[in-house]
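The values are calculated or read from the model by the stated rules, or taken from the named source; none is laboratory data. Since the model is a prediction, treat every value here as computed from it, not as a measurement. As a convention, Cβ positions derive from the backbone with ideal geometry for all residues, glycine included, and neighbour counts pool all protein chains shown. When the accessible area is computed, the model is the full protein with side chains, heavy atoms only, and any ligands, DNA or RNA have been set aside. Shrake-Rupley method; radii C 1.70, N 1.55, O 1.52, S 1.80 Å.
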Amino acid sequence: MGKGFFEVPIAINEPVLGYAPGSPEREAVAQTYKEMYHNSVEVSLYINGQDVSTGDSATMSCPHDHQHVLGSYHKAEKKHIEQAISGALEARKQWSQMPWEQRAGIFLRAAELIAGPYRAKINAATMLGQSKTIHQAEIDAACELIDFLRFNVQFMTEIYSEQPESSSEAWNRLEYRPLEGFIYAITPFNFTAIAGNLPSSAALMGNVVIWKPSDSQVYSAKVILDVFKEAGVPPGVINMVMGDPVMITDTVLSSPDFSGIHFTGSTHVFKDIWKKIGLNLDRYKTYPRIVGETGGKDFIVAHKTSNPKQVATAIARGAFEFQGQKCSAASRCYISRSIWPDVEKHLKADLASFKMGSPEDMSNFITAVIHEGSFDKLAGYIDRAKKDENAEIIAGGNYDKTKGYFIEPTVIKTSDPKYTTMCTELFGPVVTIYVFEDDTWEKTLHLVDDTSEYALTGAVFSEDRYALELGVKILENAAGNFYINDKPTGAVVGQQPFGGARASGTNDKAGSKLNLYRWISPRMIKETFVTPTDYRYPFLG
Ligand code: NAD
């Protein structure tokens, strides 16, 4: 920026549209859904500004209608990954020198394209390919991605304006360089917004990126890519590759120019990648930044003074929206004995009213889980709970994969607070309840803290401030996003920066300035105006 201290538009959260029957947005998304359902698409790799077909492809289908093919995507060979890396490094020469206001302009334009002409398309793609209801698609694919793009631009300018003190003799300038090399972004299936944010946040800060979306999210990833192209992201800056994740990752991690990973996905994959980075350390020109947000075993703990209807609603929404496939989804609940009968009554009534089926029918609250692997795993845990003596299924427990991967929202009640489904991340519409005695609040809080390796989200319910305060204190390290009298899901960019610690990740808080700091390497420039010409200080006499 040479010719002005420009101010960016103040970031505001994109309003969530209602999609009520008869509304124009509902008509638009229903129409787009139909068109996309009937028109097969072919998704190529995108390398250095070119669509690349490889001849080796896989099909994409709807989780709620798995015999219906939505299209296909091409899978990369090693040579394509090498081409993507060299293309990115070539693009870096110009992109890293691009004035920040030009980068800001591109990603603010991307936000407005999603808010307007691409809104119905990105939502419909997320409904079709990831089986989200229209509400879940709207808060993710449209609003959260728009928010990431707008807020990151604002955060970037806030970072750039953080400058050291200077004096009349010397001017100190801090320059926030992109990392030297390229960034590898690996994204999960469950949030279209995360798929868009992991590559774009690094690119916004002047980096070039190799982006590998999840096999189960390629359909909406293609829409994101189309938006980036139309917004003017130059060739080579964000390259999209699909295929064997191990081959792609091994190829990327063996490049001397690998300078950082922006990962969201499961814990074991992240740990494997971290180990591989360690093994390759001597190859790298620079110490890679490692940013990973991973699994959770998120809790709700309800004191005897809490409102049973509020607790039941938090479980109904927090555990079952998007079939519990949110890293933040409540999956273990600790409820005080005296309020449990009321919580149980309200929760069962809510579950009995849930409708399950295709997202095309917008009255459905529950749709399908992502793929057969997930379906089989969840069915296995449900079957086991049916047999285990210390577990009882009190709601749901049925499943059917004839047409789509449908798992009935299921509530397991256990007498063992360390029962397998109280500890293991299942990533589906299954929640486990443990009822504790009213006079064991403090002991229960310690139990919540000790039970899981994760520390992503958690919620404490109580009308008693002393009980809440004890929860805030004892659970200090049990969740990176901690909620009081609210469900533990639904973090909003710019309002609740998101991420967890322990096995849940590096807690670099997506949707905040903290995350963007990871994609820059500051250079301190001191300029002295009158340079000394004599080495002798006054004290030498
Ligand atoms: P996943 O780990 O199966 O896949 C994530 C990505 O890693 C995909 O792109 C996948 O292709 C890739 N991958 C898989 N195996 C790999 C390997 N061996 N080497 C390199 N890459 C590999 O996760 P998922 O099922 O897509 O997403 C669900 C997981 O993500 C859950 O554990 C959830 O808690 C977590 N998640 C966390 C957050 C968060 O912010 N903490 C947000 C969303 C999802």
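Here the range 394-541 has 51 percent of its accessible surface on carbon and sulfur atoms, given a 1.4 Å probe and all protein chains in place. About its Cα centre, the dipole of the range 298-484 is roughly 340 debye, where the only charges are +1 on Lys and Arg Cβ and -1 on Asp and Glu Cβ. Dipole magnitude for the chain: about 640 debye, using +1 per Lys or Arg Cβ and -1 per Asp or Glu Cβ, origin at the Cα centre.
Centre-to-centre, using Cα atoms only, the range 1-61 and the range 389-439 are separated by 35 Å. Rolling a 1.4 Å probe across the protein heavy atoms gives the chain an accessible surface of 42 Å² per residue. Across Cys423, Cys62, the residue with the most accessible area heads the list, and the full order at a 1.4 Å probe is Cys423, Cys62.
Taking amide H atoms as placed 1.01 Å from N in the peptide plane, the amide H of Cys62 lies under 5 Å from those of His68, Leu70, each 5 or more residues away in sequence or on another chain. In the context of the full protein assembly, Ser53 retains an accessible surface of approximately 70 Å², using a probe radius of 1.4 Å and ignoring ligands and nucleic acids. These residues, Ile484, Ile12, Ile525, Ile134, go from largest to smallest accessible area, 1.4 Å probe, as Ile12, Ile484, Ile525, Ile134. What is the calculated FRET efficiency for Lys309 to Lys355, with r their C-beta to C-beta distance and R₀ = 25 Å, to the nearest 0.05? FRET efficiency, Lys309 to Lys355: 0.75. Need one number: nm distance between label points at Glu158 and Asn39, each 7 Å from Cα along Cα→Cβ, rounded to one decimal. Each label point is offset 7 Å from its Cα along the Cβ direction, giving 4.0 nm. Karplus-derived 3J(HN,Hα) values for the range 162-179, using 6.51 cos²θ - 1.76 cosθ + 1.60 with θ = phi - 60°, are 7, 10, x, 5, 10, 10, 5, 8, 9, 10, 9, 10, 9, 10, 9, 6, x, 5 Hz; glycine and proline are entered as x. Applying the Karplus relation 6.51 cos²θ - 1.76 cosθ + 1.60 with θ = phi - 60° to the range 400-408 yields 3J(HN,Hα) values of 7, 10, 4, 9, x, 8, 9, 10, 5 Hz, where x marks Gly and Pro. In this simple spin-label model, placing a label point 7 Å from the Cα along the Cα-to-Cβ direction at both Asn13 and Lys229 gives a separation of 3.3 nm. Each peptide in 78-88, 405-415, 316-326 gets a packing score, the mean of other Cβ atoms within 10 Å over its residues, and the list from highest to lowest is 316-326, 405-415, 78-88. Each helix, a run of at least 4 DSSP H residues, gives -39500 (n - 2.57); summed and divided by the residues of the chain, these come to -11500 deg cm²/dmol at 222 nm.
Express the carbon and sulfur contribution to the solvent-accessible surface of the range 14-57 as a percent, rounded to the nearest whole number, probe 1.4 angstrom.
Details: 1210 of 2570 Å².
Within the range 14-57, the accessible surface is 47 percent carbon and sulfur.
Relative contact order of the chain, taken over Cα pairs closer than 8 Å and 6 or more residues apart, is 17 percent. The calculated FRET efficiency for the pair Met98 and Asn280, based on their C-beta separation and a Förster distance of 25 Å, comes to about 0.25.
Here's the list of lysines a cross-link from Lys3 could span, going by alpha-carbon distance under 23 Å and ignoring same-chain residues fewer than 8 apart: Lys93, Lys526.
Taking 14 Å as the cut-off, the amide N atoms of the range 505-531 that come nearer than this to a point 7 Å along the Cα-to-beta-carbon line of Glu169 belong to 527-531. The antiparallel fraction among DSSP beta bridges confined to the chain stands at about 40%. Whole-Hz Karplus values for the range 475-487 come out as 9, 3, 9, 8, 7, x, 10, 10, 10, 10, 6, 8, 5 Hz, taken residue by residue from phi with 6.51 cos²θ - 1.76 cosθ + 1.60 and θ = phi - 60°; glycine and proline positions read x.
Sorted by packing (mean other beta-carbon atoms within 10 Å per residue), highest first, where do 354-361, 142-149 land?
Values: 354-361: 17.6, 142-149: 26.6.
The densest-packed peptide leads the list: 142-149, 354-361.
Once both labels are positioned 7 Å from their Cα atoms along Cα-to-Cβ, the gap between Gln50 and Asp244 label points is 2.3 nm. Solvent-accessible surface of protein heavy atoms, probed at 1.4 angstrom with all chains present, puts Tyr537, Tyr517 in the order Tyr537, Tyr517, largest first.
Toward the positive end of the charge dipole of the range 298-484, about the Cα centre and with charges on Cβ (Lys, Arg +1; Asp, Glu -1), which of Phe354, Ile484, Ile393 goes farthest? Among Phe354, Ile484, Ile393, the one farthest towards the positive end of the dipole of the range 298-484 is Phe354.
Along the positive direction of the dipole of the chain (beta-carbon charges: Lys, Arg +1; Asp, Glu -1; about the Cα centre), which of Phe189, Ala20, Ser254 reaches farthest? Highest projection toward the positive end goes to Ser254. Given a 1.4 Å probe and the protein chains as shown, His446 ends up with an accessible area of around 80 Å².
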